[in-house]
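A.B. asks: Please find one structure pasted underneath; my questions will follow.
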Amino acid sequence: MSSAHTEPPNGQAVHVTTEMQGAAVVLVVAGDIDMVTAPEFEKALLAALRDRPEVLVVDLSAVEFLGSAGLTALVTARQEAGSDTALRVVAESSTTARPLQLTGLDQEIPLYRTREEALTS
């Protein structure tokens, strides 16, 4: 398990923890994902994809804000995953699910209400 934490001077922060769940890698993300913190989020996504896991679950359950820069990071991860890795997102609240739905990203990246659902699909 590894962890990354970014806290810029304005107090915004994102915390990403990587967990192994069988053949899947789970990124547990907490905090705000905006233009300040999205680069760290994207770095964690790409690092998780480096070893080409069968499944990458991005758990956004503890994310309090998901801005366009965070959506862009997910698009980059989807492109990097290609057909090698199934990318799945846990977005149980409107804070995270709504931006994905409004932009149509939920058509490209499957959304799940729980981590367990994402891992067993």
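The values are calculated or read from the model by the stated rules, or taken from the named source; none is laboratory data. What you are looking at is a predicted structure, and each value in this text was computed from that prediction instead of being measured. Here the Cβ positions follow ideal geometry from the backbone for every residue, glycine too, while neighbour counts run over all protein chains shown. SASA here: full protein model, heavy atoms, side chains in, ligands and nucleic acids out. Shrake-Rupley method; radii C 1.70, N 1.55, O 1.52, S 1.80 Å.
A.B. asks: Could you tell me whether any residue of segment 95-106 is among the charged types (D, E, K, R) and surrounded by 19 or more Cβ atoms within 10 Å (Cβ to Cβ)? Quick ask: steps written out before the conclusion?
C.D. replies: Within segment 95-106, the subset among the charged types (D, E, K, R) is 98, 106.
Cutting the leftovers down to surrounded by 19 or more Cβ atoms within 10 Å (Cβ to Cβ) gives us none.
Scanning segment 95-106, I find no residue that is among the charged types (D, E, K, R) and surrounded by 19 or more Cβ atoms within 10 Å (Cβ to Cβ), so the answer is no.
A.B. asks: I'd like to check something: does segment 103-111 contain any residue that is closer than 20 Å to residue 34 by Cβ and either under 10 Å from the mean Cα position of the chain (by Cα) or among the small types (Gly, Ala, Ser) (or both)?
C.D. replies: no
A.B. asks: Right, next: Among the listed residues 91, 97, which satisfies the condition of being free of Cβ contacts under 8 Å to residues at least 24 places away in the same chain, over 19 Å from residue 23 (Cβ atoms) and under 13 Å from the mean Cα position of the chain (by Cα)?
C.D. replies: Working: 91 fails: free of Cβ contacts under 8 Å to residues at least 24 places away in the same chain.
Only one candidate passes the filter, namely 97.
A.B. asks: I want to confirm something. Restricting to segment 20-30 and keeping residues that are part of a strand (DSSP E or B) and under 16 Å from residue 85 (Cα atoms), which single residue is most open to solvent (accessible area, probe 1.4 Å)?
C.D. replies: Here is the first cut: in segment 20-30, the residues part of a strand (DSSP E or B) are 20-21, 24-30.
Applying the additional criterion that residues be under 16 Å from residue 85 (Cα atoms) yields 20-21, 24-27.
Working: 20: 130, 21: 82, 24: 7, 25: 11, 26: 0, 27: 0 Å².
Filtering segment 20-30 for residues that are part of a strand (DSSP E or B) and under 16 Å from residue 85 (Cα atoms), the one most open to solvent (accessible area, probe 1.4 Å) comes out as 20.
A.B. asks: Follow-up. Do we have any residue at all in segment 24-38 that's at pLDDT 95 or above, closer than 22 Å to residue 119 by Cβ and hydroxyl-bearing (Ser, Thr, Tyr)?
C.D. replies: No; the residues of segment 24-38 include none that is at pLDDT 95 or above, closer than 22 Å to residue 119 by Cβ and hydroxyl-bearing (Ser, Thr, Tyr).
A.B. asks: Given the condition closer than 16 Å to residue 31 by Cβ, in contact with a strand residue (DSSP E or B) (Cβ under 6 Å, 6 or more places away or on another chain) and of a type in the set (D, E, K, R), answer yes or no: does some residue in segment 63-77 qualify?
C.D. replies: Scanning segment 63-77 turns up at least one residue that is closer than 16 Å to residue 31 by Cβ, in contact with a strand residue (DSSP E or B) (Cβ under 6 Å, 6 or more places away or on another chain) and of a type in the set (D, E, K, R).
A.B. asks: Another question, if that's okay. Taking only pairs six or more apart or across chains, which ones have beta-carbon atoms under 8 Å, a first residue in segment 33-62 that is among the small types (Gly, Ala, Ser), and a second residue that is assigned to a loop (DSSP other than H, G, I, E, B) and modelled with pLDDT under 95?
C.D. replies: 61/92; 61/93
A.B. asks: Tally the residues that are assigned to a loop (DSSP other than H, G, I, E, B) and over 15 Å from residue 26 (Cα atoms), restricting the search to segment 78-97. Outline the logic, then answer.
C.D. replies: Keep residues of segment 78-97 that are assigned to a loop (DSSP other than H, G, I, E, B), which gives 82-85, 91-93.
Checking the rest, the ones that are also over 15 Å from residue 26 (Cα atoms) come to 82-84, 92-93.
The number of residues fulfilling the criteria is 5.
A.B. asks: Among the residues of segment 35-53 satisfying the criterion of being over 15 Å from residue 20 (Cα atoms) and within 13 Å of the chain's Cα centre (by Cα), which is surrounded by the most Cβ atoms within 10 Å (Cβ to Cβ)? Spell out how you get there, then give the answer.
C.D. replies: So in segment 35-53, the residues over 15 Å from residue 20 (Cα atoms) come out as 35-43, 46.
Still in the running and within 13 Å of the chain's Cα centre (by Cα): 37-43, 46.
On the way: 37: 25, 38: 23, 39: 13, 40: 21, 41: 30, 42: 20, 43: 14, 46: 14.
Top of the filtered list is 41.
A.B. asks: Inspect segment 31-40 for any residue being outside any strand (DSSP E or B), among the hydrophobic types (A, V, I, L, M, F, W, C) and closer than 23 Å to residue 85 by Cα and give the result as yes or no. Before you say what the answer is, go through the steps one by one.
C.D. replies: First, the residues of segment 31-40 that are outside any strand (DSSP E or B): 34-40.
After this cut, where a residue has to be among the hydrophobic types (A, V, I, L, M, F, W, C) as well, the list is 35-36, 38.
Those still in the list that are closer than 23 Å to residue 85 by Cα too: 38.
Within segment 31-40, one or more residues are outside any strand (DSSP E or B), among the hydrophobic types (A, V, I, L, M, F, W, C) and closer than 23 Å to residue 85 by Cα.
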